[in-house]
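K.L.:
Can you keep this structure in mind? I'll have questions shortly.
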Amino acid sequence: MKAIAIVGSPRKNGNTEILAKHTLKAIEEEGVDTELIRLAGLDIKPCTACMVCEKKEWCPIKDDLFPIYTKMKKADAIIFASPVYCGSATPQIKALMDRTGFIALWNGRVFDRKVGGSLAVAGRDSQNFTLAQLDFWFHQVGCFIPGSTGLNVAFGNEKGEVEKDEFGLKVVWNFGKNVAFLVKKLKT
Ligand SMILES: Cc1cc2nc3c(=O)[nH]c(=O)nc-3n(C[C@H](O)[C@H](O)[C@H](O)COP(=O)(O)O)c2cc1C
């Protein structure tokens with residue numbers, strides 16, 4: 001059993017990564033393997049609507065996407081984590097969502113009935129919109145999204161500031177526990 005978290009911030013070791021690691025720790029404690037995938041430093045280009053994926057489980061754009069798609073396909077749970085950028089998820093994670101979502105759509109809906117869910121970090125605002133934006137992908141691809149004790153959002157600007165958001169940390173921790181619970185239920 002494995003859960004992966006894909007971090008859409010271009011800033012390594014930033015608040016989003018801290019929040020995602022905290023979530024994965026809660027999952028790992030329950031005996032589910034985890035992996036954090038940072039998009040920072042990777043090349044993830046936007047979809048060009050070439051429609052090659054309609055005929056073949058493949059994307060011809062030469063960049064770092066396909067190995068991540070393969071990991072997503074193998075995982076039992078997928079978590080997206082993004083900082084809010086101008087009221088929205090980052091373009092890096094949106095590009096990944098568009099392309100992996102479309103490859104999956106035309107090739108047997110490979111994410112159907114996996115566990116999924118999202119985390120969003122804001123300096124100040126638009127965290128709920130960004131969370132919904134990320135979560136809609138899981139609805140579209142047929143994943144089960146477990147709840148928590150609140151919305152999976154947290155606040156911070158400077159690197160590490162999110163560690164002061166105790167409520168946000170607790171909510172994503174509880175979300176992680178529910179992810180692990182659901183993965184185990186679905187696998188046994
Ligand atoms: C280009 C850019 C746009 C941002 N836009 C917003 C915004 O609209 N609302 C907000 O609350 N914070 C905004 N922020 C702040 C980030 O969401 C915040 O600093 C977050 O902690 C960054 O996460 P990271 O440390 O994982 O990169 C923005 C930051 C950047 C660099």
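K.L.:
So what is the accessible area of the chain per residue, in Å², with the probe set to 1.4 Å?
P.N.:
Ligands and nucleic acids excluded, the result is 48 Å² per residue.
K.L.:
So how far, in whole Å, is the C-alpha centre of segment 70-102 from the one of segment 154-179?
P.N.:
Between the Cα centres of segment 70-102 and segment 154-179 lies a distance of 19 Å.
K.L.:
Can you list the aspartates and glutamates whose alpha carbon sits under 13 Å from that of Lys21, skipping same-chain ones fewer than 8 residues off?
P.N.:
Glu29, Asp33, Glu35, Glu163
K.L.:
Also, I was wondering about something else. Run through the DSSP bridge list for segment 1-94 and note the antiparallel percent, rounded to the nearest 5.
P.N.:
Values: 1 of 12 bridges.
Restricted to segment 1-94, the bridges split so that about 10 percent are antiparallel.
K.L.:
Also, quick follow-up: Where does the chain land at 222 nm, in deg cm²/dmol rounded to the nearest 500, when only DSSP H runs of n ≥ 4 count, each adding -39500 (n - 2.57), divided by all residues? Walk me through the numbers before you get to the answer.
P.N.:
Numbers: 5 runs with 77 residues, N = 188.
After summing the helix terms and dividing by the residues of the chain, the value is -13500 deg cm²/dmol.
K.L.:
Further question: Can you work out ³J(HN,Hα) from phi for every residue in segment 119-124, in order, using Karplus 6.51 cos²θ - 1.76 cosθ + 1.60 and θ = phi - 60°, giving whole Hz and x for Gly and Pro?
P.N.:
Going residue by residue, I get 9, 10, 10, 10, x, 8 Hz, with x marking Gly and Pro.
K.L.:
Under 20 Å from a point placed 7 Å out from the Cα of Glu166 along the Cα-to-Cβ direction: which residues of segment 24-46 have their backbone N that close?
P.N.:
Only 26 fall inside the zone, counting backbone N under 20 Å.
K.L.:
Something else now. Among DSSP bridges having both ends in the chain, what percentage is antiparallel? Round to the nearest 5.
P.N.:
If we restrict to bridges inside the chain, about 5 percent are antiparallel.
K.L.:
Subtract the Cα-Cα distance of Asp125 and Glu28 from 0.36 nm times their separation in residues, and report this length gain in nm to one decimal.
P.N.:
Extra length from Asp125 to Glu28 when fully extended: 31.9 nm.
K.L.:
Just the number, please: carbon plus sulfur as a percent of the accessible area of segment 49-173, 1.4 Å probe, no ligands or DNA/RNA counted.
P.N.:
That fraction is 57 percent.
K.L.:
Also: Would you kindly derive the ³J(HN,Hα) couplings of segment 67-77 from the backbone phi angles with the Karplus curve 6.51 cos²θ - 1.76 cosθ + 1.60 (θ = phi - 60°), listing them in order in whole Hz, with x for Gly and Pro?
P.N.:
x, 6, 4, 4, 5, 5, 5, 7, 5, 8, 9
K.L.:
I've got another one for you. Report the one residue of Val110, Leu151, Pro10 whose Cα lies farthest in the direction of the positive end of the charge dipole of the chain (charges on C-beta: Lys and Arg +1, Asp and Glu -1; origin at the Cα centre).
P.N.:
In the chain, that residue is Val110.
The values are calculated or read from the model by the stated rules, or taken from the named source; none is laboratory data. Since the model is a prediction, treat every value here as computed from it, not as a measurement. Note that we place each Cβ from the backbone using ideal geometry, even for glycine, and neighbour counts take in every protein chain shown. Accessible surface is based on the protein model in full, side chains and every heavy atom, while ligands, DNA and RNA are left aside. Shrake-Rupley method; radii C 1.70, N 1.55, O 1.52, S 1.80 Å.
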